[in-house]
Amino acid sequence: MRTLLLSLILLFAGGLFSGVSPDSLRDLEDRAERGDLRALAALRDSAQAGSARAAGFLGYLYWQGRGVEQKRDSGLYFIGRAATAGDVKSAANLGFLYMRGEGIPADTAAAVRWLDIAASAGQPSALRQLNDFFDLSKPETASVLGSIKEAPHAMAVVAFHISSGNRLGYDHDRSLALFLEAARYGDPSAAFMIAEYLEFFPDALTLKEEERNAEYWYGKARSGGVADAVAGRSLLSKPFKIQGKFDN
């Protein structure tokens, strides 16, 4: 009987995160959070089978000590596993932990890397963290942009969401300032946005001499592989999409 029961549990766990409704998954997670041993076993088996969502939720349980004995090492292991497997909520959580140095040594570069991944997928908490982090009034912001490979793209992601009022509050001036800084530090999609803006409003930005020509920015966008910029200098006659991980 025990063997049959175990087989049923494992069968349920193996198919847990494929073809199961979100409501059923939420019910399983709720039961695991209340300490239901069968639900916890199903989550563990699904995590071992490759479910990023199961691993992420296990990480949360162990980190917070919800339904299980609190074990920060186990929590970090499962959060990291989930983030690596593509769970954007876990990527945001991992970025937060690295940024704050909670349970692991603070690492700004690692924090920005994970937050960029999550924010690029539209994860709200990652966008908010990066929005707070990229404060142009702070001198250290330029240092971060110059030293962390992912930082210019992460800044462009934030600028994109601010410019559209999507998940972050709309602020035209701040989005433009962020796009400009991201473009200056090498993000090609941000360069494309600045080029397009200059086509409409050539005197609206305070720029260095060489930056005042839209073609200067189109060139940077083209060299970074932005397809629309390769197609031609001006694309104002047709709609365009921003190239990069933060496309809608």
message = Being surrounded by fewer than 22 Cβ atoms within 10 Å (Cβ to Cβ) and within 9 Å of the chain's Cα centre (by Cα): is that true of Gly103 here?
response = no
ask   = Quick one: in segment 85-100, which of the residues that are free of Cβ contacts under 8 Å to residues at least 24 places away in the same chain and not hydrophobic (A, V, I, L, M, F, W, C) is surrounded by the fewest Cβ atoms within 10 Å (Cβ to Cβ)?
value = Arg100
inquiry  = Consider segment 185-203. How many of its residues are more than 23 Å from Ala118 (Cα to Cα) and in a helix (DSSP H, G or I)?
reply    = 7
query = Which one is most open to solvent (accessible area, probe 1.4 Å) among residues in segment 36-75 that are assigned to a helix (DSSP H, G or I) and touching a Gly at 6+ places or on another chain (Cβ under 6 Å)?
reply = Arg72
Matching residues in segment 165-177 - criterion: being in a helix (DSSP H, G or I) and within 17 Å of the chain's Cα centre (by Cα) = none
key: Failed item, numbered, when Lys149 is tested on (1) open to solvent by 10 Å² or more (accessible area, probe 1.4 Å); (2) farther than 30 Å from Asp87 by Cβ; (3) not aromatic (Phe, Trp, Tyr)   = (2)
message = Looking at (1) under 19 Å from Gly95 (Cβ atoms); (2) part of a loop (DSSP other than H, G, I, E, B); (3) in contact (Cβ under 8 Å) with a residue 60 or more places away in the chain, which one does Lys149 not meet, given that it meets all the others?
response = (3)
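Condition check ((1) among the aliphatic types (A, V, I, L, M); (2) part of a helix (DSSP H, G or I)) across all residues:
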position	(1), (2)
Phe96	no, yes
Met99	yes, yes
Pro105	no, no
Arg113	no, yes
Ala119	yes, yes
Asn131	no, yes
Asp135	no, no
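The values are calculated or read from the model by the stated rules, or taken from the named source; none is laboratory data. Everything numeric in this text was worked out from a predicted model, so none of it was measured. All Cβ positions, even for glycine, are placed from backbone atoms using ideal geometry, and neighbour counts span all protein chains on display. For the accessible areas, the whole protein counts, side chains as well, though only heavy atoms, and no ligand, DNA or RNA atoms are used. Shrake-Rupley method; radii C 1.70, N 1.55, O 1.52, S 1.80 Å.
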